[in-house]
Structure formats: C-alpha cells, structure tokens
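Enquirer: Right, I'll just put the structure down here and ask away after.
The values are calculated or read from the model by the stated rules, or taken from the named source; none is laboratory data. All values reported here derive from a predicted model rather than from experimental measurement. Ligands, DNA and RNA are stripped out before the accessible areas are found, and what is left, the full protein with its side chains, is counted by its heavy atoms. Shrake-Rupley method; radii C 1.70, N 1.55, O 1.52, S 1.80 Å.
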Amino acid sequence: MTQTLLLLPGDGIGPEVIAQARRVAEQVAPDITLTEGLVGGAAIDAGGTPLSNETLEKARTSDAVLLGAVGGPKWANVERIHRPEMGLLNLRKELDVFANLRPAYCFEALVDASSLKRDRVEGLDLMIVRELTSGVYFGEPRGVDTDENGIRRGYDTSIYTAPEIERVTRIAFEIARGRDGRICSVDKSNVMESGHFWRTEVTALHEAGGSGVELTHMLADACAMELVRNPKQFDVILADNLFGDLLSDEAAMLTGSIGMLPSASLGGEGVAGLFEPVHGSAPDIAGKGLANPCAAILSLEMALRWSLGRPDAADRVMAAVSKALKEGARTSDLGGSMSTQEMADAIIAGL
Ligand code: IPM
Ligand code: MG
C-alpha cells in the first residue's frame, strides 16, 4: 500500500519552505504520494475557517502531515477562535498528537552562529518533549468577562489529568532510552497546583520502575536559566505545553537559528504524526525568498523517521543538510546570502 504525506503549507514563509521540503521528499521517497491542503489564514481566506473538515479528514487518512506555519498580520484582528493559530491547535487536538518532540542539536558547521560561546554549544544535542494537547492551552474555563463586582478580567486554566501526564511521560522515557537515558522534568511545583501534581505523577511513574532512565526535576525558570548557562547538561527535557513552548524557542537559539529546528508531534498507534518547523510564519520576510528551508526539510526528516518508517531516507536527508552546511551553504539568518531555493539546491545536491 502506498503511503501518503499531506503537505499543509499554511501562511507566511510556510509555502516557500514546504515547497523545498516537497522537492526533497520527491528525491528521497519518490513512491510516497504527496497531497496538499489548506490550514490557517490560507484556509480562512478560502473557506472562512482555519481548519476545514476536508483538511482534517485528509490529515486523518494520511500517514504523516508536514505543516509549514500559520498566522500573520492579515488575520491579527479577527476573533481569537477564528484565528489561523486555531487551525494548528485544533489539528493537534483532533489528531491527538500529544507528544511534541523538539530536538535542539548544533550542527558542527553552525557552532559559531549560536548566540552562545563555542564551548557552551559545541556538540549540543538535547530533546525537548513537550505535552501538546492539554494544559493551559486548552483548559476550561477560559475567557474574558466581567466579575460580580463589575471588574473586567481575563483568565485561562492550567489543568492536567493523570493519564495525560502519564502518556507523555512514557514517550519521554522511551525517547530517553534511545539517547543518553536522562530526563529532566520541568514544572513550577513551587507555585502551581497543576505543577505540583505534574511532578508527583512523573515521580510516581518513575518509581513504579522499569523506565530504565534517570529522572531529575527542575523549576521552569531555573531551566530557562540553565539552558543558556550550561545547555549540554541536558539530555531530554520533559515539559508541559506552555513551558515546552517557551523553552523550545530558547533552545532553538542555541543552535544558531530558529530556522534550523524541526519538530515531530506524535500520538497513539495508527495516528498520523504532525511535523512542523518550530519557527513561525515570519510575515516580515514572507515572499522574499529569504527563509531558511532547513527546519522544514528537517521536519520531513523526522516524518520519514518517526511516522513513515524510512530511517534510510531520513539519514540521507540529515547527511545532506549537514554536508551543505559544512560546505558553507547559508541563508541570511545564518549569516549568509543564499535564497530559500539556493539553500535547498545545495541540500538536494548532497543527497
Ligand atoms: C509553537 C507555536 C504555537 C504554539 C503557536 C503558533 C500556536 O508557538 O508551535 O511553538 O504556541 O504552540
Ligand atoms: Mg512556540
């Protein structure tokens, strides 16, 4: 049976970088059927909703989904529930891809592009496992209203159930076993009830035995500091939805550019994985051919590895990116002057 990969270019630089990832996919896995769909602002413009049933159905029946980016100033003033970002959040929720893997590794060739000194980032290789379908992103109640005293207020709810913590922790255990076997779980257990609960549940699961990994805990603010002080101390960082969002942007900068970082969002057995660059739609450079296609191409690499069962093709992509960087291929975010297409050309030449 042929496999299908659904491409959802989305908004801003999304279409530019996904077009390059498509070229790479056609080279390394020509037998995979590529289909396309609309999400985010592009879907709003076409049909009034950021995630149509049609796109959702396509995603459900695909073997993997590769998404570019969503959002932009054009849709900044529409009501929150109709914003492009809701297309992405609903897609994550509907596919139930609860475990978001955000690797931060520093390619040797980019060590000097990092905002940190060489000795801090050389050889850096860490993985953030972010819970993706619960927590404050989805908790109820939420809203903006006026209380009984006539005072206006805005609020969200940070809530986690035991099964939600358990399932993402199990994935983190599994990921850590395939790496250096060390997990640092992050929370604000000193302040938040849900944070205290998170730590208790993760600890209990670990104490139940059999995980084969070493577990430590860190407060989220301390982790933010340690990530720039001594990032190489980490192997796997396990975090809830909100802290994982923040820490992964921070970790991205250690690697030279957020334009380098891919992500994989995985669910249960038989669920299509969702793969996306960590960078956003970057409306300021959209349409100018300046975007770095590496994060999208490396997201394809993760799709090949984690959902499509093609480790050989994934290895080829990884080696080609590494080779292109070594030979000096650089987009402007990396201090070079190559266009999006030229950067992809350099990678494709090395496949
Ligand atoms: C990310 C992004 C998204 C998030 C936005 C675009 C909704 O920042 O994937 O990290 O907050 O999860
Ligand atoms: Mg983010």
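Enquirer: What base-10 log of the normalised intensity I(q)/I(0) is obtained for the chain from the Debye formula, alpha carbons as equal point scatterers, at q = 0.06, 0.12 Å⁻¹?
Expert: -0.21, -0.88
Enquirer: Which values, in whole Å and largest first, are the semi-axes of the equivalent ellipsoid of the stretch 128-200 obtained as the square root of 5 times each eigenvalue of the Cα gyration tensor?
Expert: Numbers: eigenvalues 209, 28, 17 Å².
Sorted largest first and rounded, they come to 32, 12, 9 Å.
Enquirer: Compute the normalised compactness of the stretch 1-119: alpha-carbon radius of gyration over 2.2 N^0.38 Å, N being the residue count. Write down the numbers at each step before the final one.
Expert: Details: Rg = 16.5 Å, N = 119, 2.2 N^0.38 = 13.5 Å.
With N residues counted in the stretch 1-119, Rg over 2.2 N^0.38 Å equals 1.22.
Enquirer: While we're on this one: If you bin the C-alpha pair distances of the stretch 51-156 every 5 Å from 0, what whole percents do you get?
Expert: Reading upward from the zero bin: 2, 9, 13, 14, 14, 13, 12, 11, 7, 3, 1, 1.
Enquirer: Could you work out what % of the accessible surface of the chain is carbon and sulfur, using a 1.4 angstrom probe and leaving DNA, RNA and ligands out of the count? Before the final figure, lay out the partial values.
Expert: On the way: 7710 of 14960 Å².
Roughly 52 percent of what the probe reaches on the chain is carbon or sulfur.
Enquirer: Pop out the Kirkwood hydrodynamic radius of the stretch 1-43 from its pairwise C-alpha distances, inverse of mean 1/r, in Å to one decimal. Intermediate results must be reported in sequence, preceding the final value.
Expert: Details: mean 1/r = 0.0918 Å⁻¹.
Hydrodynamic radius (Kirkwood, Cα only) of the stretch 1-43 equals 10.9 Å.
Enquirer: Need the C-alpha centroid separation for the stretch 251-275 versus the stretch 297-351, integer Å.
Expert: 15 Å
Enquirer: Roughly how many Å² is the accessible area per residue of the stretch 115-255, as a whole number, for a 1.4 Å probe? Walk me through the numbers on the way to the answer.
Expert: Details: 6830 Å² over 141 residues.
Accessible surface, normalised per residue, equals 48 Å².
Enquirer: Using only alpha carbon pairs under 8 Å that are at least six residues apart, calculate the relative contact order of the chain and give it in whole percent. Mind dumping the intermediate values first?
Expert: Working: 770 pairs, mean separation 78.1, N = 351.
Relative contact order, the chain: 22 percent.
Enquirer: Among Lys117/Lys288; Lys58/Lys288; Lys232/Lys326, which pairs are too far apart, with a Cα-Cα distance over 28 Å?
Expert: The answer is Lys117/Lys288; Lys58/Lys288.
Enquirer: Membrane-span-like helices in the chain: DSSP H runs reaching 15 Å or more (Cα, own axis), mean Kyte hydropathy at least 1.0? If you can, show how the numbers build up before the last one.
Expert: Working: long enough: 14-28 (21 Å, -0.17); 84-95 (17 Å, -0.32); 162-177 (22 Å, -0.03); 193-207 (21 Å, -0.82); 241-254 (20 Å, 0.59); 294-306 (17 Å, 1.23); 311-326 (22 Å, 0.09).
For the chain, where a helix must reach 15 Å along its axis and average at least 1.0, the hits are 294-306.
Enquirer: Rounded to two decimals, what ratio of Rg to Rh does the stretch 229-319 give with C-alpha atoms and a Kirkwood Rh? Working shown, then result.
Expert: Working: Rg = 14.4 Å, Rh = 14.6 Å.
Rounded to two decimals, Rg/Rh equals 0.99.
Enquirer: Using bins 5 angstrom wide from zero, how does P(r) for the stretch 115-255 break down, in % of all Cα pairs?
Expert: Bin by bin from 0 Å, the calculated values are 2, 10, 19, 20, 18, 13, 8, 5, 3, 2, 1, 0.
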